[in-house]
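Rule-based calculations on the coordinates, nothing more; no lab input. Just so we're clear, the structure is a prediction, and the values are computed from it rather than from any experiment. A quick note on method: Cβ atoms are made from the backbone with ideal geometry, for glycine too, and the neighbour counts reach across all protein chains shown.
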Amino acid sequence: MSGGGRYADAVSDTSTASVTTPEGAASRRGVLLWWLASAVAVVVVAADRVRVTRRYFYVDDTQLGAFGQWYDIGRRLLHGEWTILDPGSWQGGNFLAEQQWGLWSPLTWLVGLGSQVQDNAALYATGIKIVFLLLLQTSVFGLARSYGASAPWAALAGLSAVVGGQTMYMDAPSWVTGLSGAGLFVLTWWMMRRHLDEGRSPWAYFVTAYLLIALGYIFAVIALVFLFLALLVETEWVRRDRERLVRVLGLGVYSGLLTIFVYLPGILTASVTERGSTGIANDQFLGLDLGDLAAGPAATGLSSVAGYWGPIAPAPLQYLGWFLPLLVVVGVALRREWRGLVVVGVVAACTLAMVLGPSVVGPLRYPARMLPYLVICLAVGFAVLATKAWPHVVERSKAAAALGLSALALWLAWSAQPDNTRWLVVGGLVQLAALVVMFFVSARGRASQAPGRAAAVAIVATVLLLNLQMHVARAAPLGDFGAPASVDRVQQVQDDLETGVFTVGDVYGLQNDLEAWDETLLANVWHVTDLDVASVYTVLPHRELASRLCVDLRGVTCPEAYDALFEEQADGSRIVDDMHLNTIIVWRGVDADGDPVEAPEVHEGWTLEVGDATWTVRRDDPVVPAGGVTRTIDAMVSDVDVRDTEVSFTVDAVDGEAGEVVLSRIDWPGYRIDGARQADPAQGYLLTVEVTPDDVGREVTVSFRPPGWPIELASAVLAAMLAVAWTGTDLVRRRVRSRAAR
């Protein structure tokens, strides 16, 4: 490892409008083989996770959130029952405001339809996750190539982006929208470059950007905003290309219009939810500091990231890439190539700022969710620099610096969690040995073979280190609640239940009593059934309703919620009647003091059934599903017609100056009333219509459209028009040029 470094052959200046890949004379077959090697490595890593932990990719929010949504969407598509609102799901039923349902996403539709043709939810989710992992790997491979990376280093970049700590231990096992959002973001970035810098048609960008934004994952959209900021910086201050600037702004307008279309409903709905009152704070929950990031090269290290698990994470969430200390070897190329990497650098800087920023910024939480985008930038940047500057023989000083930085990262990881000494030492020795082997194989043989050999060693070492990592953290730090993988078993729960279900108590106890899943369900697992269930997952809890029933995001309540359901209000009403509930399932656990929960009081008109893990309280004479008229005050109505997004009725009589018609649905922003007026919500959350004697005999129609619907619809139409016009103009221009060339 002595002697002066010799760089690989230089390629064309990446600051020009078109970027060429370094091995222009190399065969496409060779490039394909390197991509395939990277893809196989991703599959091997994923398979190893499943080998060690069978339900690795089916935990937490995938189990309790995503699969139920997929299944509900797929079933609705097959039955032609598409809707943007489900009154019977109560605070979890405002699908557009929830955003992550992805109602406008064809990709989500496809995943939902696929969920209908199998019975094993865990197996299906695993297959979907592996597809998304390969999407991320392939997109990073292509993006790195577009910036000038050779196929071997692009292959390493693709694999490295997939195995970052946040991606591998949080997004892939649980937060599937985070995983798919990262893949779609890189794919969109790649397609944008193909249009802006390679002269390709813009249609691919329009499609991928739509899929990215329609997914409903806000952090991916934030990354897209950072990308546009970076492109503006590059175009205006580095390239000084005004024509390109106009195209960048045009693509930004298209993306902005789609963002309004998808996200404005949630923004305008937030005022009545618990998210609407959130300010800016730093509780350090899923936030990282510079110490965590400095330990990023330690593949088998553990981080000091606070989360659901406590102050110390039991998984390497901080892992960024074990090879990053090699930047001291290839970083010299940055002096010549920085113009071509401005966009990558600005996106990385913006992402880093957000990762290190406050943990709560309004409705945005968990800065660690931005880590995948930092890893993507680091992987792509390293691949490009290694392509430009990987030496045949590494200077001793640079080799020592790389080994020293790796040792420092390992030390910082050990300092964060000394109890992890064994596997940190084993993984550290492998990392250091891999660096030495990379230096050794590079110096053997011809100089042109050095980069490929070094990249191959890095890929193999990455797979080996990820295998060792499984001994440190065998599963995601997020919970497996034990939900049945069998769709048939889940659906059997509904056989003895009447629609209009509410669960009471700490139903998280299901994870400790797996047989109890035959008696009740949790969160969006209920969406696999055909029942109207109020206790489903929501990211936008309605402030008033959630407070009255002390209900959390997944439908878990305090034991006192049962009494609150049956408590008679000042006007004689009860929540259990207003919500049109027919089945109350009470978890037989313990209260906040650790004392056993007492059996629920059985009220007149209800019957108690005792199960092994639950009490089920049933209404003797079931009421119709929620959504229609629940009661009237000083008024009489008839001819009630109920749909998900619309209710109509005829006013028969009004006593006094005014009466009220109370509907069994939440008073979400966006309701419009024709033929009457909207009153203040009954009990603070029920949609209420005010009628007067002048309305007698009149038909009143209550309809729901997302708040800001005219603006949202106009934004979608304008985005579509812009995409069609731009693509059409580009096509005509190409044909004219083609004819002129003849």
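Any chance you could check the Cα centroid distance between the stretch 292-330 and the stretch 665-742 for me, in angstrom? So the separation of the two Cα centres works out to 45 Å.
Could you work out how far helix 151-162 tilts from the main Cα principal axis of the chain, as a 0 to 90 degree angle to the nearest 10? So the helix axis and the longest Cα principal axis differ by about 30 degrees.
Hey, fewest Cβ within 10 Å first, where do 61, 513 land in order? Don't skip to the answer; put the middle values down first.
Working: 61 23, 513 16.
In increasing order of surrounding Cβ atoms, one gets 513, 61.
Label positions at residue 407 and residue 603, each projected 7 Å from the Cα along the C-beta direction, are separated by 7.1 nm. Using only side-chain charges placed at the Cβ, +1 for Lys and Arg and -1 for Asp and Glu, the dipole size of the chain relative to its Cα centre rounds to 7480 debye. Listed as lacking a disulfide-compatible partner in the chain: 350, 377, by the criterion of no other cysteine Cβ under 4.7 Å. A simple spin-label model places the labels of residue 471 and residue 653 8.2 nm from each other, with each point 7 Å out along Cα-to-Cβ. A straight chain from residue 621 to residue 113 at 0.36 nm per residue would run longer than the Cα-Cα distance by 179.3 nm.
Tell me the Kirkwood radius of the stretch 629-707: reciprocal of the mean inverse pair distance over distinct alpha-carbon atoms, in Å. Present the calculation step by step, with values, prior to reporting the outcome.
Numbers: mean 1/r = 0.0821 Å⁻¹.
Across the stretch 629-707, the inverse of the average 1/r is 12.2 Å.
Using the Cβ-Cβ distance between residue 610 and residue 569 with R0 set to 25 Å, the FRET efficiency from 1/(1 + (r/R0)^6) comes to roughly 0.30.
What FRET efficiency comes out for residue 76 versus residue 518 if R0 is 22 angstrom and r is the Cβ-Cβ distance? Round to the nearest 0.05. If you can, show how the numbers build up before the last one.
Details: r = 26 Å, r/R0 = 1.18.
Using R0 = 22 Å, I get an efficiency of 0.25.
Under the classification rounded if a/c is under 1.5, otherwise prolate if a/b is larger than b/c and oblate if not, where does the stretch 159-286 fall, given a ≥ b ≥ c as square roots of the Cα gyration tensor eigenvalues?
It is prolate, given that a/c is not under 1.5 and a/b is the larger ratio.
Given only helices, namely DSSP H runs of n ≥ 4 each adding -39500 (n - 2.57), what is the per-residue ellipticity at 222 nm of the chain, to the nearest 500 deg cm²/dmol? Don't jump to the answer; show the numbers that get you there.
On the way: 23 runs with 334 residues, N = 742.
After summing the helix terms and dividing by the residues of the chain, the value is -14500 deg cm²/dmol.
Across the stretch 180-186, rounded Karplus estimates of 3J(HN,Hα) from the backbone phi angles (6.51 cos²θ - 1.76 cosθ + 1.60, θ = phi - 60°) give 5, x, 5, x, 5, 4, 5 Hz, Gly and Pro being marked x. Of the GluC sites (Glu not before Pro) found in the stretch 611-667, those in coil by DSSP whose Cβ has at most 16 other Cβ atoms within 10 Å are 657. For residue 535, the amide hydrogen comes within under 5 Å of the amide hydrogens of 503, counting only partners 5 or more places away or on other chains and with H modelled in the peptide plane. Mind checking the angle between helix 67-79 and the chain's longest principal axis? C-alpha axes, 0 to 90 degrees, to the nearest 10. That works out to roughly 70 degrees. Across the stretch 56-103, Cα-Cα pairs farther apart than 17 Å form 36% of the total. Can you list the residues of the stretch 496-529 with backbone N under 18 Å from a point 7 Å past the Cα of residue 285, pointing along Cα to Cβ? Label zone hits: 508. Going from the fewest other Cβ atoms within 10 Å to the most, the residues 615, 411 appear in the order 411, 615. Computed from the alpha carbon atoms alone, the convex hull of the stretch 493-619 holds 110 Å³ per residue.
By per-residue mean of other Cβ atoms within 10 Å, what is the highest-first order of 692-699, 396-403?
Details: 692-699: 14.5, 396-403: 16.6.
Taking the mean over residues of other Cβ atoms within 10 Å, the ranking is 396-403, 692-699.
Shape of the stretch 399-457 from its Cα gyration tensor (a ≥ b ≥ c, root eigenvalues): rounded if a/c is under 1.5, otherwise prolate when a/b > b/c, or oblate? Show your work: numbers first, answer last.
Numbers: a/c = 4.08, a/b = 2.69, b/c = 1.52.
It comes out prolate by the Cα gyration axes.
The C-alpha radius of gyration of the stretch 179-254, expressed as a fraction of 2.2 N^0.38 Å, stands at 1.05. Taking the convex hull of the alpha carbon positions in the chain and averaging its projected area over all directions gives 35.5 nm². Most tightly packed first, judged by the mean number of other beta-carbon atoms within 10 Å of their residues, the peptides 129-138, 176-185 read 176-185, 129-138.
Tell me, what is the FRET efficiency for residue 495 and residue 131 to the nearest 0.05, using R0 = 35 angstrom and their Cβ-Cβ distance as r?
Details: r = 33 Å, r/R0 = 0.96.
After rounding to 0.05, the efficiency reads 0.55.
Sorted fewest first by neighbouring Cβ atoms within 10 angstrom, 82, 35 come out as 82, 35. Extent of the stretch 255-393 along its three principal axes (Cα atoms, max minus min coordinate, largest first): 63, 40, 18 Å. Fully extending the segment from residue 241 to residue 640, taken as 0.36 nm per residue of separation minus the present Cα-Cα distance, adds 137.4 nm. Ordering of 217-225, 579-587, 113-121, 460-468 by packing is 579-587, 217-225, 460-468, 113-121, highest average first (other Cβ atoms within 10 Å, averaged per residue).
Are there trypsin sites (Lys or Arg not before Pro) in the stretch 434-472 that DSSP puts in a loop and that have at most 13 other Cβ atoms within 10 Å, and which ones?
Numbers: sites: 444, 446, 453; in loops: 444, 446.
Those that pass, being in a loop and sparsely packed, are 444, 446.
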